[in-house]
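Colleague: Could you have a look at this structure, given as structure tokens, before my questions?
The values are calculated or read from the model by the stated rules, or taken from the named source; none is laboratory data. None of the values given here were measured: they were computed from a predicted structure. Using ideal geometry, Cβ is built from the backbone for each residue, glycine included, and neighbour counts are taken over all protein chains shown. Heavy atoms of the whole protein, side chains included, go into the accessibility calculation; ligands, DNA and RNA do not. Shrake-Rupley method; radii C 1.70, N 1.55, O 1.52, S 1.80 Å.
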Amino acid sequence: MFNEECYVEILNNVLLASPTKGLKSKLSIAAKCHASHLSQVLSKKVDLSLDQAFAIGQYLGWSDLEIEYFLTLVSLSRSGSRSLSQYYHTKLANLRDKSTKLSNRLKTEKNLKELAEKYYSAWYYSAVHIILTIPEYKTPDAIAAKLNIPRKTVLNALKVLHEIGIVTKTAEGLWEVLEFDLHIPANSPLYNSYHINWRNEVSRLVQINKDKNLHYTGLHSMSRKDYEILRERIMELIEESRSLVSKSKEEDLVLFAVDLLNIGT
């Protein structure tokens, strides 16, 4: 986005790259303008108002810096004097510089801790994170439809993931993963909440796609020795699964959850 010097080109790139049907109509609704007006904007016959530009930026889930850059481009297009145009050109240069400075992308240790706590506070943060590795799910609309959650929830998750620094948005408006494999050590205070959140989601998913899902619950009495043997075999399976997944083509979002408990100890 920050390489573009025309806000209309940004919008056209978003529309061309998006697999979402009817995005143009949705943008006009978000901007509270007729579709015909947006068509005129896209053909550079008229300009967006700042209110319309802001609404579109919010709908697309852009960051505050991206929205500010977009609004400045709109203001530049609408400016009527040479001095005002120069003012906006200078502001654009400053925003580009701001977008590239590493200091503005790094978070303090406190903020990173708060963002990490948020990541593990609900199952959908990690779900949105990993589903982005699948080519078909690079937009908020596609993700929301697949995970059956509100678009607003997806946008919030993307914002958090972007702040953490593990996802990014391309100039075409698509979301990409920067960091794939996150692991919580067992001694982390976030360990329990992560597992509990996903187990709660499993209780919902167990009612869906019963012919495709695999569920097993077995309560047994057994020797301590055999318990350790079973535990070791499951650990081996987990290691094998991680090796398999690392080489597997991204096509479906799959949850692999295993519980083996020695009850009462």
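Colleague: Among the listed pairs Lys21/Lys146; Lys169/Lys247; Lys26/Lys152; Lys26/Lys118; Lys21/Lys138; Lys138/Lys249, give every one whose C-alpha distance is greater than 18 Å.
Modeller: Lys169/Lys247; Lys26/Lys118
Colleague: Moving on to the next point. Ordering Phe2, Phe256, Phe54, Phe70 by accessible area with a probe of 1.4 Å, largest first, what comes out?
Modeller: Heavy-atom accessible area, descending, gives Phe256, Phe54, Phe2, Phe70.
Colleague: Could you compute the net charge surrounding Glu240? Neighbours are other residues with a C-beta less than 14 Å from the C-beta of Glu240; K and R count +1, D and E count -1.
Modeller: 0
Colleague: So what is the calculated 222 nm ellipticity per residue for the chain, using -39500 (n - 2.57) for each DSSP H run with n of 4 or more, over all residues, to the nearest 500 deg cm²/dmol?
Modeller: -18000 deg cm²/dmol
Colleague: Just the accessible area for Lys249, please: 1.4 Å probe, Å², rounded to the nearest 10?
Modeller: 150 Å²
Colleague: Multiply the residue gap between Ser241 and Asp97 by 0.36 nm, knock off their C-alpha separation, and tell me the result in nm, one decimal place.
Modeller: Length gained between Ser241 and Asp97: 47.5 nm.
Colleague: Expected output is a single nm value to one decimal: the length gained when fully extending between Leu190 and Lys152, i.e. 0.36 nm times separation in residues minus the C-alpha distance. What is it?
Modeller: 11.2 nm
Colleague: In Å², what does the accessible area per residue of segment 196-258 work out to with a 1.4 Å probe?
Modeller: 93 Å²
Colleague: Contour minus end-to-end for Glu250 and Lys44, with contour as 0.36 nm per residue of separation and end-to-end as the Cα-Cα distance?
Modeller: Separation in residues times 0.36 nm, less the Cα-Cα distance, equals 70.3 nm.
Colleague: Could you identify which residue out of Glu251, Glu236, Glu136 has the top mean-square fluctuation in a GNM of the chain using Cα springs shorter than 10 Å?
Modeller: Of the options given, Glu236 has the highest mean-square fluctuation.
Colleague: For the chain, which whole percent of the accessible surface, found with a 1.4 angstrom probe, sits on carbon and sulfur atoms?
Modeller: Carbon plus sulfur share of accessible area: 53 percent.
Colleague: How would Val128, Val258 rank on accessible area, largest to smallest, probe 1.4 Å?
Modeller: Solvent-accessible surface, decreasing: Val258, Val128.
Colleague: Another question about this same structure. Suppose accessible area is computed on protein heavy atoms with a 1.4 Å probe; arrange Lys159, Lys138, Lys247 from highest to lowest.
Modeller: Descending order: Lys247, Lys159, Lys138.
Colleague: Taking Cα Rg over 2.2 N^0.38 Å as the quantity of interest, determine which of [x] 1.06; [y] 1.27; [z] 0.98 was computed from the displayed structure.
Modeller: Read-out taken from this structure: [y].
Colleague: Under a 10 Å cutoff between Cα atoms, tell me which one of Leu65, Leu244, Leu219 has the largest fluctuation in the Gaussian network model of the chain.
Modeller: Residue with maximal mean-square fluctuation among Leu65, Leu244, Leu219: Leu219.
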